[in-house]
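Reading through the structure tokens given below for one structure.
The values are calculated or read from the model by the stated rules, or taken from the named source; none is laboratory data. No experiment lies behind these values; they were computed from the predicted model shown. Backbone-built Cβ (ideal geometry, glycine too); neighbour counts: all protein chains shown.
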Amino acid sequence: MLRGPFSLGLFVVLVITDFTNVYPHSHMSLLPPPHTSDTMKQITRQTKNLHLYVSRGCPFAHRALIMRDLHKLDNISVDVVDPVLGDKGWVFSPSKEGCTKDTIYGLDTLRQVYEKVDPGYSGSITVPLLIDTHSNKLVSNESAQIAEMMDGEFDKRVKKSTDFVHKNITLAVYKVGFSKDQTAYNGAIKELFSALKKVEKDLRDSKYLAGDSLTAADVFLYTSIVRFDPVYVQRFKCNVGMIRHNFPWIHLWLRHLYWQVPAFRDTTDFSHIKQLYYDKGPESIIPAGPVPDIEKLEE
């Protein structure tokens with residue numbers, strides 16, 4: 001188990017509540033159920049009142065950043081927390097490269113923002129966090145829902161793909177990395193690489209994960225795959241194979257998105273990604289490799 005006051009375990013607690021039974025990312029929402037397309041579109045039309053808090057290291061927050069850029073929702077303003085989780089949780093470090101201050105309330109920590117927009121809040125302090133600056137209310141801190149608000153209601157095929165990716169890849173890497181014993185690890189790593197093999201086959205047969213068009217399924221998959229070689233292979237013991245060496249169709253798909261679709265490249269910060277997973281304090285060592293972080297797309 002990873003240890004220390006700046007432990008990655010603090011981040012994982014925000015993602016998985018039980019390493020045997022994997023549950024969705026801790027979340028809440030003030031959207032009235034059901035979360036219909038009309039409800040989501042009504043909220044996203046009011047983009048001048050919306051503000052997004054993210055960590056560039058976090059795969060869940062990365063979903064929202066990509067969707068915002070893909071749909072050119074520039075009126076949704078963004079603040080970026082420090083990628084290193086300390087004893088105060090997510091904090092604002094405006095002097096640090098790639099980070100911002102809290103431009104809405106001038107607060108020091110994301111916990112204070114939660115308390116501002118939802119007094120008495122007692123849940124997990126997670127990113128992404130979407131708020132309404134006009135009413136000073138929390139809109140949602142569930143990454144899949146925020147992505148759907150920006151993208152429009154997912155159709156059945158996209159929903160099936162995003163659910164598969166979320167459970168079998170995004171959360172599965174944590175299940176591998178934080179296995180409690182060898183038996184649990186052996187089972188988890190087998191399940192993860194079986195899922196990757198399925199995705200490899202899907203991307204051999206079509207340009208994108210859910211067909212011939214770029215969809216939310218690709219966004220969800222990308223935020224895990226782009227972290228796989230730089231972080232998960234070593235940090236989470238997912239070293240049965242690397243994307244760049246063992247999954248040629250996923251690798252081609254990844255490089256296509258990164259190098260040819262600006263919303264993916266512009267929101268990917270390898271420095272913040274590595275800091276989130278490796279930086280636990282003054283004695284931390286962040287690995288230099290792999291080199292490069294992502295390979296070029298051949299002409």
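A few notes on this one:
- Failed item in (1) assigned by TED's automatic domain parsing to the domain that holds Gln182; (2) touching a residue at least 24 places away in the same chain (Cβ under 8 Å), with Gln275 passing the rest: (1)
- Residue match in the range 147-157 (condition: within 22 Å of the chain's Cα centre (by Cα), farther than 21 Å from Tyr208 by Cβ, part of a loop (DSSP other than H, G, I, E, B) and in contact (Cβ under 8 Å) with a residue 12 or more places away in the chain): no
- Residues satisfying the stated conditions in the range 108-130, i.e. touching a helix residue (DSSP H, G or I) at 6+ places or on another chain (Cβ under 9 Å) and crowded, with 17+ Cβ neighbours inside 10 Å: Ile125, Thr126, Val127, Pro128, Leu129, Leu130
- Scanning the range 196-206 for residues that are buried (at least 16 other Cβ atoms within 10 Å of the Cβ) and either farther than 16 Å from Arg244 by Cβ or not assigned by TED's automatic domain parsing to the domain that holds Trp249 (or both) returns a single hit, Asp202.
- Only one of Ser143, Ser179, Ser161 that is of a type in the set (Gly, Ala, Ser), over 30 Å from Gly211 (Cα atoms), surrounded by 16 or more Cβ atoms within 10 Å (Cβ to Cβ) and touching a residue at least 12 places away in the same chain (Cβ under 8 Å): Ser179
- Residue within the range 162-175 that is modelled with pLDDT of 95 or more and part of a loop (DSSP other than H, G, I, E, B) present: yes
- Verdict on Thr268 being of a type in the set (S, T, N, Q) and touching a Cys at 6+ places or on another chain (Cβ under 9 Å): no
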